[in-house]
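**Q** If you scroll down you'll find the structure; I have some questions about it.
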Amino acid sequence: MSNAVTSLKYNSFTIYSSESNKSIDLSSSLIYCDYYEDILSPCVMMTIQVAASNSIYNGLPIRGGEKVEVDIETASGNFKLSGDYAMYVYKVSGLVADASKEYFTLHLCSREGLTNETARVQKKYAKKPINEHVEAILKDVLKTKKYKSQNIEKTSNSYSFIGTLKKPFHILTWLGPKGIPATSSSGNSGKVAKGVAGFVFYENKDGFHFRSVDTLVSQTQSQTGSTSKESIPQYKYTPGITPSNDTTNNFNIINYNLEKNIDLMKSLRVGMYSNITYFYDLYKNKIDGITYNLNSEVKSKLGGTKIPYPKDFGNRPSRILFRSSDVGMLDAEGNTEDSGRDNTDMAKSFSRYNLLFTQALNMIVPMNINLKAGNILYAQFQQIDASKSGEVDPEQSGNYLIKEVRHHFEGGQMISSLKLVRDSYGLYGAKQ
């Protein structure tokens with residue numbers, strides 16, 4: 001068995017009272033804890049199962065809002081959440097107490113998850129690149145320091161809007177589909193939309209990120225102007241038993257299953273491959289018809305082959321949409337010219353999002369705290385063919401994007417559960 005599965009030591013697991021200076025170390029009372037990240041979730045979460053021989057719930061007491069700091073030693077490094085990255089209690093469930101034990105589950109989130117419920121985006125944001133709005137909301141509204149400028153990717157388009165008292169997370173995720181990557185084409189060519197669009201806003205162990213789908217799948221640091229490849233962990237699925245002292249066990253796939261695959265009917269119904277969108281400009285009383293073809297516009301992808309594209313059906317628009325133009329808010333002079341996005345840019349993002357989630361793979365590996373939502377992972381599988389036993393499957397193997405990660409901390413059961421997504425097939429990246 002891999003030492004990454006068995007190695008566990010709680011250096012500290014401290015909960016601090018929100019009413020006094022009192023604190024309790026939960027290390028000796030933990031049954032297990034789970035830590036969650038997701039590129040579609042704006043904050044990280046944890047659940048902790050506690051079995052205490054003395055009262056903690058009423059002894060501390062726990063009434064919500066308590067800070068929890070974590071320091072866990074694993075084979076892949078120390079898992080630490082403290083200071084600005086500490087977690088906070090937002091719910092207690094399953095409380096059962098008898099004469100000798102007290103059992104309950106703590107539900108935790110990052111501080112910003114609670115701040116989001118009390119903060120509102122109020123002012124008008126003048127026409128600026130969308131990434132600047134994201135940084136301003138993180139700094140001025142959420143009051144957080146948990147982001148780096150290189151993780152807030154630059155957009156090529158600007159936008160003006162009013163917060164209308166919406167919550168910060170709502171606005172930050174709402175801005176995602178409006179963003180055009182700095183490396184992508186914008187606008188149109190003869191009423192045909194060019195390039196791709198779409199950003200995701202999420203939090204992982206490194207803090208907050210606002211990154212385009214194209215950057216996530218290209219394994220580059222394009223937001224900093226660098227083209228250097230990110231470090232990509234490599235995992236292999238090998239049926240059978242390997243020696244317990246073999247260090248490669250730490251990078252073996254324990255189990256996996258394909259959750260989602262191609263659904264051509266659904267893809268055609270949503271207009272993923274090709275669509276026509278009619279936009280009505282409320283200010284100019286004008287209608288534009290824009291055609292978008294995904295296959296000719298996607299340059300960055302996870303697989304080594306072309307995106308799954310049915311040429312007999314994908315070249316013809318399979319959906320017609322009607323939308324109002326989103327030109328942003330009027331400027332001080334009442335001018336709407338170039339005050340927001342081109343109509344053609346509005347037709348792109350939902351196609352790119354749908355393509356990214358075409359394939360979904362669930363996978364369990366030995367605990368690796370360095371696996372984070374938004375990172376790339378290389379997975380290698382063997383061919384299901386007796387005549388080619390042991391050979392790499394060139395279609396299923398390759399790079400995947402980590403959509404979700406759950407780190408499960410429990411003695412003898414230290415695992416990382418992953419949901420991986422992919423927009424294409426084939427080997428790519430590992431042999432480059």
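**Q** Take the solvent-accessible surface of the protein heavy atoms, probe 1.4 Å, and return the percent of it on the chain that carbon and sulfur atoms account for. Intermediate values should be presented prior to the final figure.
**A** Numbers: 9520 of 19480 Å².
After summing per-atom areas, the C and S share lands at 49 percent.
**Q** If I model a spin label as a point 7 Å beyond the Cα along the Cα-Cβ vector, how far apart are those points for Gln413 and Asn362 in nm?
**A** 1.5 nm
**Q** Any idea what the relative contact order of the chain is, in percent, if you count C-alpha pairs under 8 Å spaced at least 6 apart? Mind showing how you got there, number by number?
**A** Values: 1056 pairs, mean separation 78.2, N = 432.
Answer for the chain is 18 percent.
**Q** May I pose another question? What residues have an amide H closer than 5 Å to that of Met45, excluding those fewer than 5 places away on the same chain, when H is modeled at 1.01 Å from N in the peptide plane?
**A** It is Tyr36, by chain and number.
**Q** Using Cα positions and a limit of under 24 Å, work out the lysines in reach of Lys286, with same-chain residues fewer than 8 apart set aside.
**A** Straight-distance partners of Lys286: Lys127, Lys178, Lys191, Lys194, Lys348.
**Q** To the nearest 20 debye, what is the magnitude of the charge dipole of the chain about its Cα centre, counting +1 on the Cβ of each Lys and Arg and -1 on the Cβ of each Asp and Glu?
**A** Numbers: 50 positive and 43 negative charges, 211 e Å.
That gives a dipole near 1020 debye.
**Q** Straight distance only, please: which aspartates and glutamates reach the Cα of Lys145 with their own Cα at less than 17 Å, same-chain residues fewer than 8 apart left out?
**A** Lys145 reaches Asp84, Glu112, Glu132, Glu135, Glu153, Glu203, Asp206.
**Q** For the chain, max minus min Cα coordinate along each principal axis, in Å, sorted largest first?
**A** 74, 65, 38
**Q** I need the calculated FRET efficiency for the pair Ser93 and Leu258, taking r as the beta carbon distance and R₀ as 35 Å, to the nearest 0.05.
**A** Numbers: r = 32 Å, r/R0 = 0.92.
Efficiency computed from Cβ-Cβ geometry: 0.60.
**Q** Here is a further query. Using a 10 Å Cβ count of at most 16 others and DSSP loop calls, identify the longest part of the chain lacking such GluC sites (Glu not before Pro).
**A** Numbers: sites that count: Glu19, Glu117, Glu230, Glu333, Glu337, Glu391, Glu395, Glu410.
Maximal segment without exposed cleavage sites: 118-229.
**Q** If R0 is 35 Å, what FRET efficiency do you get for Val392 and Lys299 from their C-beta distance, rounded to 0.05?
**A** 0.85
**Q** On the principal axes of its Cα set, how long, how wide and how thick is segment 1-41? Give whole Å, largest value first.
**A** Rounded to whole Å, the extents work out to 43, 32, 15 Å.
**Q** For Leu114 and Asp71, compute 0.36 nm times the residue count separating them, minus their Cα-Cα distance, and round to one decimal in nm. Display every interim value, and only then the final one.
**A** Working: separation 43, 0.36 × 43 = 15.48 nm, distance 2.22 nm.
Full extension of this stretch gives 13.3 nm more.
**Q** Would you list which lysines come within 22 Å of Lys260, measuring only between C-alpha atoms, while excluding same-chain residues fewer than 8 positions from it?
**A** Lys236, Lys301, Lys306, Lys311, Lys372, Lys403, Lys419
**Q** Just how much of Ile24 is accessible, in Å², when a 1.4 Å probe is used and the result is rounded to the nearest 10?
**A** It works out to around 40 Å².
**Q** Using only helices, what value at 222 nm comes out for the chain when you add -39,500 (n - 2.57) per DSSP H run of length 4 or more and divide by the total residues, to the nearest 500 deg cm²/dmol?
**A** Numbers: 8 runs with 48 residues, N = 432.
Helices in the chain give a 222 nm mean residue ellipticity of -2500 deg cm²/dmol.
**Q** Excluding ligands, DNA and RNA, what is the solvent-accessible area per residue of the chain at a probe of 1.4 Å, expressed in Å²? Present the calculation step by step, with values, prior to reporting the outcome.
**A** Numbers: 19480 Å² over 432 residues.
For the chain, the per-residue accessible area is 45 Å².
**Q** Rounded to the nearest 10 Å², what accessible area does Arg316 show when all protein chains are kept and the probe is 1.4 Å?
**A** Near enough 140 Å² of accessible area.
**Q** Would you please give the FRET efficiency between Ala136 and Arg323, computed as 1/(1 + (r/R0)^6) with r the Cβ-Cβ distance and R0 = 25 Å, to the nearest 0.05? Walk me through the numbers before you get to the answer.
**A** Details: r = 27 Å, r/R0 = 1.08.
Efficiency, from the Cβ-Cβ distance: 0.40.
The values are calculated or read from the model by the stated rules, or taken from the named source; none is laboratory data. Because the structure is predicted, anything quoted here is derived from the model rather than measured. Here the Cβ is made from the backbone with ideal geometry for all residues, glycine too, and neighbour counts use every protein chain on show. These accessible areas exclude ligands, DNA and RNA; they are computed on the full protein's heavy atoms, side chains included. Shrake-Rupley method; radii C 1.70, N 1.55, O 1.52, S 1.80 Å.
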